[in-house]
Amino acid sequence: MHVQQYDVTHSFFQRRACVCNDRVREITWGMQNLMPLLIPQEQSVFTKADRLPICKGLDMLLPRHGINNVKQEWINEDILQLALKVYHVDLRENEHSKFLRRSLGLEKHLKAISGFDAKDWDLVKLATALKTMVDPDDTRLPIAKAFEVNLTFFSAKF
């Protein structure tokens, strides 16, 4: 039984080309860092040199936020966790920006109403422009109230 399984597995891998490129290294790096979470019973311990190299993703993320020339020895797990949070914030910002631009067609409306070209505007500018268009006198939804949570609405729903 084991011999048969070995033969099938062996023949499967014989037909596959070995790939070792940046994507494979990035996935391997991520798996090494996630190993304690994915397989808690795994006792293997990676050295700091193995677990904390600058990955391509971190190498791309930091310069976008004005952080250049980061040396390998400066990276620790706290910095990786913070970079992960920044990455997730960037993802959410891109999602909301795409929604305002594509689904609502905000750029097109801004151009037609005010003549502004909002192509290079960030999410905060787009959201502010939308709020100003919907409530120019700040009477319906004052900015201070925009961030309050209406608990009665949520409690009535559940």
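The values are calculated or read from the model by the stated rules, or taken from the named source; none is laboratory data. Source: prediction; values computed, not measured. We place every Cβ from the backbone using ideal geometry, glycine too, and count neighbours over all the protein chains shown.
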- prompt: Out of all the residues in the stretch 96-109, is one or more at pLDDT below 75 and either over 30 Å from Asn21 (Cβ atoms) or part of a helix (DSSP H, G or I) (or both)?
  reply: no
Condition broken by Glu77, with the remaining ones in (1) within 19 Å of Leu61 (Cα to Cα); (2) surrounded by 14 or more Cβ atoms within 10 Å (Cβ to Cβ); (3) in contact (Cβ under 8 Å) with a residue 12 or more places away in the chain satisfied: (2)
message: I'm trying to understand the selection: among the residues of the stretch 12-50, which are modelled with pLDDT of 75 or more, closer than 23 Å to Asn76 by Cβ and part of a loop (DSSP other than H, G, I, E, B)?
response: Ile39, Pro40
- prompt: When both residues are 6+ apart or on different chains and their Cβ atoms are under 9 Å apart, which pairs have a first residue that lies in the stretch 113-140 and is exposed (fewer than 10 other Cβ atoms within 10 Å of the Cβ), and a second that is outside any helix (DSSP H, G or I) and at pLDDT below 85?
  reply: Val134/Arg140; Val134/Leu141
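In the stretch 51-76, how many are modelled with pLDDT under 80 and in contact with a helix residue (DSSP H, G or I) (Cβ under 8 Å, 6 or more places away or on another chain)?
Number of matching residues: 10.
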